[in-house]
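Here is the structure we will look at, set down as structure tokens.
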Amino acid sequence: MKTIVIAIDGYSGTGKSSTAREVARQLGYVYVDSGAMYRAVTLYMGENGIDIRDEEEVKRALEKIELTFALNPSTGRSHIHLNGKDVEKEIRTPNVSQLVSQIAAIPEVRRKMVAQQQAYGSQGGIVMDGRDIATVVFPRAELKIFMIADVAERARRREKELNEAGILADYKSILANLNERDRLDTSREDSPLQMASDAIELDTTSITFDQQVHQIVGMARKRIGC
Ligand code: DC
């Protein structure tokens, strides 16, 4: 059976990752959370006191970073590993969320992440979510989705998600962080967040998780021809 590449981009907190993961599960595809990769690089830079304004220091640090994904038996999900260590929880903290858009704007960082992401997708059968997946990583993806949602609703969802994961966070600072990340992600020079001309916009403000998954899986099946 034909396998395709599904690119899901959109604003922070629109539910891209959970949607993409479930779409991949239903299709039997591999899921790659590209945001987790930028977050893991951010964690490394923070923990090692890297001066992110110093291009050479950033380049040296990047050489020491190895990112891999591995299935975690207790969650049944693919977790990101930074130099062999599972950092899936550490990368979701407010500290990392605060710094990640700055790190993701550094061209050297993007080059390394994009190369690794393209290698993952070389065989098809993949769902990847992020900001530049349809525009830069897989410009020839067979299905491109651009997810949007009202920012207040996105903040409510993120607060619930963090609370459920046992990470303390309040609505106001989450809202401020989402607005700031939207601003940085859309205005950066290198690969800004923008909708690809051939992407399909999906507004998730008032539809349920199951509905959004169902819509994307339906579109994918049409393209796969099953
Ligand atoms: O999807 P996320 O919120 O976990 O992503 C974290 C940050 O990483 C986000 O603020 C922007 C950046 N990012 C990016 O620049 N390009 C991607 N493909 C994915 C994420």
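The values are calculated or read from the model by the stated rules, or taken from the named source; none is laboratory data. Computed from a prediction, not measured in an experiment: that's the story for all the values here. Positions of Cβ are backbone-derived with ideal geometry, glycine not excepted, and every protein chain shown enters the neighbour counts. Please note that ligands, DNA and RNA were not included when accessible areas were found on the heavy atoms of the full protein model with its side chains. Shrake-Rupley method; radii C 1.70, N 1.55, O 1.52, S 1.80 Å.
Tell me the trypsin sites (Lys or Arg not before Pro) within segment 182-224 that lie in a loop according to DSSP and have at most 12 other beta-carbon atoms within 10 Å. Spell out each step's value before the answer.
Values: sites: ARG183, ARG188, ARG221, LYS222, ARG223; in loops: ARG188.
Counting only loop positions with at most 12 other Cβ atoms within 10 Å, none of the trypsin sites (Lys or Arg not before Pro) in segment 182-224 qualifies.
What is the extension gain from GLN26 to GLN102, computed as 0.36 nm multiplied by their sequence separation minus the C-alpha to C-alpha distance, in nm to one decimal?
Between GLN26 and GLN102, full extension yields an extra 24.0 nm.
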Charge dipole of segment 53-202 built from unit charges on the beta carbon (Lys, Arg +1; Asp, Glu -1), centred at mean Cα; most positive-end Cα among LEU178, PHE69, PRO107 is PHE69
Setting aside same-chain residues fewer than 8 positions from LYS59, which lysines have a Cα under 26 Å from its Cα? LYS85, LYS89, LYS112
Given q = 0.15, 0.16 Å⁻¹, what are the Debye log10 I(q)/I(0) values for the chain, with equal point scatterers placed on the Cα positions and solvent ignored? -1.02, -1.18
Can you work out the accessible area per residue across the chain, with the rest of the protein chains kept in place, probe 1.4 Å, in square angstrom? 49
Show me the three semi-axes of the equivalent ellipsoid for segment 147-226, from the C-alpha gyration tensor (sqrt of 5 times each eigenvalue), largest first, rounded to whole Å. 27, 20, 10
For a label point 7 Å from the Cα of THR3 along Cα→C-beta, name the residues of segment 101-144 whose backbone N is under 12 Å from it. 120-127
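Find, among the trypsin sites (Lys or Arg not before Pro) in segment 51-121, those assigned to loop by DSSP (not H, G, I, E, B) with at most 16 other beta-carbon atoms within 10 angstrom. Display every interim value, and only then the final one.
Numbers: sites: ARG53, LYS59, ARG60, LYS64, ARG77, LYS85, LYS89, ARG92, ARG110, ARG111, LYS112; in loops: ARG53, LYS64, LYS89.
Passing sites in segment 51-121 are ARG53, LYS64, LYS89.
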Calculate the dipole size of the chain relative to its Cα centre from +1 charges on Lys and Arg beta carbons and -1 charges on Asp and Glu beta carbons; express the result in debye to the nearest 20. 640
Which shape class applies to segment 37-153: rounded if a/c is under 1.5, otherwise prolate when a/b exceeds b/c and oblate if not, where a ≥ b ≥ c are the square roots of the Cα gyration tensor eigenvalues? rounded
What longest region of the chain stays clear of GluC sites (Glu not before Pro) that DSSP places outside H, G, I, E and B and that have at most 16 other Cβ atoms within 10 Å? 67-141
Heavy-atom accessible area with a 1.4 angstrom probe orders LEU184, LEU168, most exposed first, as LEU168, LEU184
Which helices of the chain meet both criteria: a Cα extent of 15 Å or more along the helical axis and a mean Kyte-Doolittle score no lower than -0.5, with helices taken as whole DSSP H segments? 34-47, 94-104, 209-224
